[in-house]
Amino acid sequence: MSKLLIERDGDVTLFTLNRPEVHNNVDADLAVELAEGITAFSDDDAAKVLVVTGAGGETFCAGANLNGMNELFEHPYTYTAGPMGFALLDPGKPTIAAVNGWCLAGGVELACWCDFRIVAENARIGLFNKRWGVPLADGGTQRLARIVGMGNALWMIETGIEIDAQRARLIGLAQEVVPAGQALDRAMELACHIASYPQGGIRADRQAAVTGFGLPLAEALQVEVETCHPPVRAAEAAAGMASFAAGSRPEPPRPRDAAPVQER
């Protein structure tokens with residue numbers, strides 16, 4: 001059986017890491033499947049949104065397979081996709097992590113690779129790889145700080161602390177916290193919302209946000225001009241504006257947090 005289950009629900013693609021017996025850790029075989037799956041998703045014009053989750057309900061991903069670390073640095077995509085098969089790839093389309101249960105080490109890196117994260121209230125998140133002297137090698141040193149800020153990132157990286165879903169929400173790592181067992185359903189619901197929108201504007205905004213992040217403001221604004229101005233004049237946008245003028249007002253999604261965020 002494949003170590004990565006790939007399913008299509010209309011315009012939404014679902015990746016399920018399928019190694020529940022080892023907490024969905026990523027070995028070289030799964031890394032190759034991830035790299036090839038992401039590339040195929042990127043190349044498929046009909047695929048609009050990607051959701052990533054873990055099989056079994058107890059773990060999103062426990063990180064890299066520490067018993068096969070050498071193989072992770074020797075597979076065909078190590079230096080084009082990353083040791084775990086995703087860090088260096090950008091599909092150019094929205095990606096959502098549905099985090100259930102444990103999310104550890106490289107699993108945190110995979111969750112951070114996604115555009116945003118829907119997290120079950122029973123999730124436990126941490127960079128436990130610190131215990132064994134294993135560094136982050138799949139984007140964690142860069143993406144985590146961009147998401148939660150340098151102080152929070154270094155706090156997690158250096159201490160290897162375990163945090164719960166509400167703490168993840170508080171620092172910006174989780175965008176929504178939902179009841180246990182509902183992370184995937186909520187992620188798929190949001191993915192379907194995104195997939196129902198005209199895609200040109202979404203992809204342009206995403207590209208401008210990702211490309212411009214960290215640039216001086218003037219340079220980032222120029223990225224926006226080059227990336228986001230052309231789609232405004234596209235037929236897709238013209239049809240959308242005509243729909244608006246005709247009175248169309250689709251309901252937007254709204255957060256469904258399991259509990260309010262509170263300071264501790």
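The values are calculated or read from the model by the stated rules, or taken from the named source; none is laboratory data. Keep in mind it's a predicted model, so treat the numbers as computed, not measured. No Cβ is skipped: glycine too gets one built from the backbone with ideal geometry, and neighbour counts run over all protein chains shown. These area figures cover heavy atoms from the full protein model, side chains too; ligands, DNA and RNA do not enter into them. Shrake-Rupley method; radii C 1.70, N 1.55, O 1.52, S 1.80 Å.
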Report summary line: Those residues of the range 199-213 that are surrounded by 16 or more Cβ atoms within 10 Å (Cβ to Cβ), over 14 Å from Gly10 (Cβ atoms) and touching a residue at least 40 places away in the same chain (Cβ under 8 Å) come to a total of 4
Query raised in the report: Among the residues of the range 60-85 satisfying the criterion of being assigned to a strand (DSSP E or B) and either open to solvent by 10 Å² or more (accessible area, probe 1.4 Å) or touching a Leu at 6+ places or on another chain (Cβ under 7 Å) (or both), which is nearest to Gly101 (Cα to Cα)?
Result: Cys61
Query raised in the report: Right, Ala98: touching a His at 6+ places or on another chain (Cβ under 7 Å), among the small types (Gly, Ala, Ser) and either free of Cβ contacts under 8 Å to residues at least 60 places away in the same chain or open to solvent by less than 10 Å² (accessible area, probe 1.4 Å) (or both) or not?
Result: no
Requested in this report: Residue by residue through the range 20-50, note down the ones that are under 18 Å from Gly68 (Cα atoms), among the charged types (D, E, K, R) and either open to solvent by 30 Å² or more (accessible area, probe 1.4 Å) or within 16 Å of the chain's Cα centre (by Cα) (or both).
Outcome: Glu21, Asp29, Glu33
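Of the residues in the range 87-106, how many are in contact with a Gly (Cβ under 7 Å, 6 or more places away or on another chain) and over 25 Å from Arg169 (Cβ atoms)? Walk me through how you get there before you give the answer.
The initial filter retains those residues of the range 87-106 that are in contact with a Gly (Cβ under 7 Å, 6 or more places away or on another chain), namely 87-88, 100-101, 104-106.
Still in the list and also over 25 Å from Arg169 (Cβ atoms): 88.
Residues in the range 87-106 being in contact with a Gly (Cβ under 7 Å, 6 or more places away or on another chain) and over 25 Å from Arg169 (Cβ atoms): 1 in total.
Do we have Met69 as in contact (Cβ under 8 Å) with a residue 60 or more places away in the chain and more than 29 Å from Arg169 (Cβ to Cβ) here? Spell out how you get there, then give the answer.
Values: in contact (Cβ under 8 Å) with a residue 60 or more places away in the chain: yes; more than 29 Å from Arg169 (Cβ to Cβ): yes.
So Met69 passes the test.
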Query raised in the report: Do we find that Leu144 is open to solvent by less than 10 Å² (accessible area, probe 1.4 Å) and within 26 Å of Thr80 (Cα to Cα) in this structure?
Result: yes
Query raised in the report: Taking only pairs six or more apart or across chains, which ones have beta-carbon atoms under 7 Å, a first residue in the range 74-87 that is farther than 15 Å from Leu136 by Cβ, and a second residue that is in a loop (DSSP other than H, G, I, E, B) and open to solvent by 70 Å² or more (accessible area, probe 1.4 Å)?
Result: Thr80/Leu88; Ala81/Leu88
